[in-house]
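Below: one structure, written as structure tokens.
The values are calculated or read from the model by the stated rules, or taken from the named source; none is laboratory data. This is a predicted model, so every value here is computed, not measured. Positions of Cβ are generated from backbone atoms using ideal geometry, with glycine treated the same way; all protein chains shown enter the neighbour counts.
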Amino acid sequence: MKEKSTLKDVANNYLTHPLKNKGITLITLVITIIIIIILATITLNLAVGDGGLIKQAETTKNLTESTTNKVSGLMSNLTAYLEEEFKEPPEPETVVDAKPAPGENVYIYRATTQIRDASGDTMWIPGGLV
């Protein structure tokens, strides 16, 4: 077991063995601050520099807006095209032929209907014979 130390022993020990430095020296503090400044500079350069994150975010935003506008225009064109293709067909025109002169042996259609097919060709549908 350890013996109790007296005040004389403590004073003698203090004088013969000075306290070891347990604090941060000025050199260590300066080196730490320099490292922090270097890391902060690198971080700011990555965020704000020419190819930085903020510049990339702005470029991506502009690209997204232009693509959205382009797709919106294409969708409106497609919608207009589909509405035109699938709209209700118009009522066919009815054309009434003139009556022949008396004594003529001509087939006359009472009412003739004119329609157009998908390719734009005109077709006549007779209404009946006299």
>> Can you tell me which condition MET1 does not meet? The list is (1) exposed (fewer than 10 other Cβ atoms within 10 Å of the Cβ); (2) modelled with pLDDT of 75 or more, and all the others hold.
In response: (2)
>> So for the range 57-75 (the condition being modelled with pLDDT under 95, more than 30 Å from GLY120 (Cβ to Cβ), among the acidic types (Asp, Glu) and part of a helix (DSSP H, G or I)), does at least one residue qualify?
In response: yes
